[in-house]
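Structure, as structure tokens:
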Amino acid sequence: MKILGIIGTNAKESATRSLLQFMQKNFSDLAEIELAEIKNLPLFNESVTESSSQPIQELGKKIMAADGIIISTSEHNRSVSSALKSFLEWMSFKDHPFDSKPVMVVGTSITRQGSASAQLHLRQILDAPGVNAIVLPGNEFLLGDSINAFDDQGKIKNQQTIDFLKTCFKNFLRFVKVADALSVPEEVHFEPGKYQVSAAGHNGKFPMTVTMSENRIEKIEIDTQGETQGIADTVFQRIPDQIISGQTLNVDVVSGASITSHGVIDGVATAVDLAGGDANTLKKRPKVNPATVQAPRELTTDVVVVGGGGAGLTAAASVLKLGKQVIVVEKFPSIGGNTIRTGGPMNAADPKWQNTFDALPGEAATLKEVLQQDESQIDPEYLADFKELKRQIKDYLENGKDYLFDSTLWHRIQTYLGGKRTDLKGHEIHGQYDLVKVLTDKALESVKWLEDIGVEFDPNEVSMPVGAKWRRGHKPLKSQGFAYISALQSFVNNQGGQILTDLPVKELLLVDGKVKGVVAIDAQQRQVIIHAKSVILASGGFGANTKMVQKYNTYWTKIDDQIATSNSPAITGDGIKLGQSVGADLVGMGFTQMMPVSDPVTGELFTGLQVPPANYVMVNQQGKRFVDEYESRDVLTQAAIDNGSLFYLIADDQIKATAYNTSQEKIDAQVEAGTLYRADTLADLARQIKVDPAVLEETIKKYNSYAEAGHDPEFGKEVFDLKVEQAPFYATPRKPAMHHTMGGLKIDTQTHVLDQKGQVIANLYAAGEVAGGIHAGNRLGGNSLADIFTFGRIAGKAAVKEITE
């Protein structure tokens, strides 16, 4: 029988160690006892990386391989040593080697009580769900007055004490045999057949079919239509594969998709119970594929791109188009980042195309306001463009045109004015002219480039996302941001690029002080070193890192600890930190954008009915309008906060047809789930959302009159499309959520990352939300896609150009 003795102290000289050494030497005829030190382990800090380090992994393996464990503890302030507590935290953080492992507790103390309090506390810790050891009850061995307990040879002086210790140890060995018998996996039996169940996903429930034979889970089929395409795909493949291959429900959830992961596991558990099995038995079975420590893996390429979202894949595609090698590394199991979560429309002024659409009521009034704007309020670098824009608008209005107006200059000035803000400290910020010029000049070129890659846009619709301020959105034919990601992924794969997922980058590889690649950790906790001539950071902003948002915030009066976010959980500022590690400068970090029309619970954008702002009506919890629905995102957000945050988007059956990315099936499912309200009358709808029916009816009556007149005397809304008048009526609950971080690494127009002296950091580029300086204090809806595809292309080209030169 193999027993592992854990020396529960980091003290060099300790009776705790002497006690186990005595047992090892004197009880060798009863069992093989190996001793293990904990003194070299790092202090527990919740680091996934350190939990995978060799000392921790090796100790975990020894525990799992042993038949039983003896833990020897000293006593400090009536508890165990800090070193022992830290060790037990590591052993219950990522891996759980103590699970169902028989444990004997012994202890020493310089006092006469002999570690009684420490042992009591240790037993409580070992009984915790995360540790779940099986501790031999009673059988307490307490060695008091430990300073005088041992002779010079390390032998316990008192023979009665030795005899009692031996008795306790023998009892433990018998306990190990009993525990071993109990730990034999319980067989499960099912009633063979197919079982229909439903499971909770991120976007609501989804149906599953689980096929059972007499003693196995044979097949797990999931209807994935309700979940966001691309985000949960890894869950639907990985979790069922692990369950079936291991015949266990003890599987790891997929990072960034924990709700859907647990949904699949719970769904299978329900099916197991329906089939007459015991899901708890399967949950206690061991996991498959335990982590192992392996030698580093080394790869070499021309360019490595950090981040598998829209900017990263675009940069990779640009590199491949120029004949160079590229590797994309993505920290999460699936690619897409925030791009795959977008609504899809991408801003780019294309007057020739836009002129084929009729102007909407109120758009002319918006243009007339530009003519009245005081030029002294325009920053000098934008003034020439502003004057030329006024000339363009004047010509359009004087000629009585009735088509949709637009120009590159109108896009540029709206981006500039839309982003010009002042923070709580009185600091004014506006978009850096040369970057904004590149964005607006090259956006249409990016649309054409994407079409060449394989993205199909809808030529029959010019879109305007929330906060875009103008209709210039090019909308993909396929659903949401998946259209971009799927086309880019196919292109990169087909052209010989590599996309490596589950591979978070931990540091930039420096050679002679220059960036020469990255160092990452793969899903098996193996170090992966990628040597490259250039590194492009495209890992997004930090909208899913609330602590980081709070740290830099200078714009909002408060960022709640529990604020929801529309971001992928992967967007935690990693690229910004990597840039800082080599001296990169930052810009605009205090400015962030909240998405005013987010799901109140999940922060998701596309639950409920999301329609263009020309159509929807925003009402507060009293049933009254409170803002111009056409306003910028930060104005809408602040108005919502001022009205208690929660509000409703009111739509009717006709407006429903203009909703983004939904279907009648999804609408029906959300109404059933209680996340969307529907009624045949406005009065009934009002009662469902707990507002006064008379107030809501009056609000909609006024709104319809404004829409008909093309003028809103209450809040100044100037652009209308459809009225709210055709039953059934809908109310979608909304609340602001953290959406976009404006600040990031300082770059130039070729996407070089700049240091604090404004100098280029050799071989390092940044594109997308990881970079700052473009959107300043507020980003226009639809401009993030224009940003990532434009500067992603530039980053790829610039990296290749400088490699070639």
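With a 1.4 Å probe and all protein chains left in place, how much of the accessible area of segment 332-395 comes from carbon and sulfur atoms, in whole percent?
Carbon and sulfur together cover 51 percent of it.
Rounded, prolate or oblate: which fits segment 602-713 when a ≥ b ≥ c are the square roots of the eigenvalues of the alpha-carbon gyration tensor, with rounded for a/c under 1.5 and prolate only if a/b beats b/c?
In terms of gyration-tensor shape, rounded.
Compare the Cα positions of 713, 250, 269 along the charge dipole of the chain (+1 at Cβ of Lys, Arg; -1 at Cβ of Asp, Glu; about the Cα centre) and return the one farthest towards the positive end.
The listed residue farthest towards the positive side: 250.
If you work out Cα extents along the principal axes in Å from the coordinates, which of (i) 110, 66, 50; (ii) 119, 66, 52; (iii) 80, 72, 50 do you get?
(i)
Could I have the simple spin-label model distance between residue 369 and residue 221, label points 7 Å from Cα toward Cβ, reported in nm to one decimal?
Result for the modelled spin labels: 5.5 nm.
Starting from the Cα of residue 797, draw a straight line to each of the lysines and keep only those under 16 Å, dropping any in the same chain fewer than 8 residues away.
Answer for residue 797, where 16 Å is the Cα cut-off: 321, 324, 442, 533, listed by chain and number.
For the charge dipole of the chain, defined by +1 on Lys and Arg C-beta atoms and -1 on Asp and Glu C-beta atoms about the Cα centroid, which residue among 322, 688, 777 has the Cα displaced farthest towards the positive pole?
Value: 322.
Run the dipole for the chain about the Cα centre, Lys and Arg Cβ at +1, Asp and Glu Cβ at -1, nothing else charged, and hand back the magnitude in debye, nearest 20.
Computed about the Cα centre, the dipole is about 1940 debye.
Determine, from the Cβ-Cβ distance of residue 477 and residue 82 and an R0 of 51 Å, the FRET efficiency 1/(1 + (r/R0)^6), rounded to the nearest 0.05.
0.25
More than 19 Å apart: what percent of Cα pairs in segment 450-595 qualify?
68
What size of dipole, in debye to the nearest 20, comes out for segment 72-131 about its Cα centre when the only charges are +1 on Lys and Arg C-beta atoms and -1 on Asp and Glu C-beta atoms?
180
Of the GluC sites (Glu not before Pro) in segment 20-79, which ones lie in a loop per DSSP and count no more than 14 other C-beta atoms within 10 Å?
When the GluC sites (Glu not before Pro) of segment 20-79 are filtered for loop state and at most 14 Cβ neighbours within 10 Å, 46 remain.
If you wrap a convex hull around the alpha carbons of segment 655-805, what volume per residue comes out, as a whole number of Å³?
Here the figure is 182 Å³ per residue.
Under the 0.36 nm per residue contour assumption, what length would be gained going from the current alpha-carbon distance of residue 167 and residue 281 to full extension?
Result: 37.6 nm gained on full extension.
What value, in deg cm²/dmol to 500, does the helix sum -39500 (n - 2.57) over DSSP H runs of n ≥ 4 give at 222 nm once divided by the residues of the chain?
The helix-only estimate for the chain comes to -11000 deg cm²/dmol at 222 nm.
For segment 1-77, with equal point scatterers placed on the C-alpha atoms only and solvent neglected, what are the log10 I(q)/I(0) values from the Debye formula at q = 0.12 1/Å, to two decimals?
Log10 I(q)/I(0), no solvent term: -0.37.
Pick out, in residue order, every one of the GluC sites (Glu not before Pro) in segment 115-191 that is DSSP loop and has at most 13 other C-beta atoms within 10 Å; say none if there are none.
Those satisfying the criteria are 186, 187.
May I ask for the net charge around residue 54, where only other residues with Cβ less than 13 Å from the Cβ of residue 54 are counted and Lys, Arg are +1 while Asp, Glu are -1?
Result for the neighbourhood of residue 54: +1.
How long are the semi-axes of the ellipsoid equivalent to segment 548-610, from square roots of 5 times the Cα gyration tensor eigenvalues, in whole Å, largest first?
Computed over segment 548-610, the values are 26, 14, 10 Å.
Return the subset of 401/701; 420/478; 101/170 for which the Cα-Cα distance in this structure is over 23 Å, preserving the input order.
Where the Cα-Cα span goes over 23 Å, the pairs concerned are 401/701; 420/478.
Evaluate the distance, in nm, between pseudo-label points positioned 7 Å from the Cα of residue 803 and of residue 756 along their respective Cα→Cβ axes.
A separation of 3.2 nm, rounded to one decimal place.
Please find the FRET efficiency linking residue 456 to residue 501, where r is the Cβ-Cβ separation and R0 is fixed at 30 Å, and quote it to the nearest 0.05.
With R0 = 30 Å, the Cβ-Cβ based efficiency is 0.70.
Would you mind giving the average projected area, over all directions, of the Cα convex hull of segment 562-661 in nm² with one decimal?
Value for segment 562-661: 8.1 nm².
What is the magnitude of the charge dipole of segment 669-805 about its Cα centre, with +1 placed on the Cβ of each Lys and Arg, -1 on the Cβ of each Asp and Glu, and no other charges, expressed in debye to the nearest 20?
With only Lys, Arg, Asp and Glu charged at Cβ, the dipole is about 420 debye.
Taking the Cβ-Cβ separation of residue 384 and residue 37 as r and a Förster radius of 60 Å, what is the calculated FRET efficiency to the nearest 0.05?
Given R0 = 60 Å and the Cβ-Cβ separation, E is 0.25.
Determine the per residue accessible area of the chain with all protein chains present and a 1.4 angstrom probe, expressed in square angstrom.
Per residue, the chain has an accessible area of 42 Å².
For residue 510 and residue 445 in the same chain, what is the full-extension length gain: residue separation times 0.36 nm, less their Cα-Cα distance, in nm?
So the chain would gain 19.9 nm between residue 510 and residue 445.
Give me the one-decimal nm value for the distance between modelled label points at residue 621 and residue 174, 7 Å along each residue's Cα-to-Cβ direction.
6.5
The values are calculated or read from the model by the stated rules, or taken from the named source; none is laboratory data. Note that the structure is predicted; figures quoted are calculated from it, not measured. Virtual Cβ from ideal backbone geometry, glycine too; neighbours counted across all protein chains shown. Areas reflect the complete protein model, heavy atoms only, side chains present, ligands, DNA and RNA absent. Shrake-Rupley method; radii C 1.70, N 1.55, O 1.52, S 1.80 Å.
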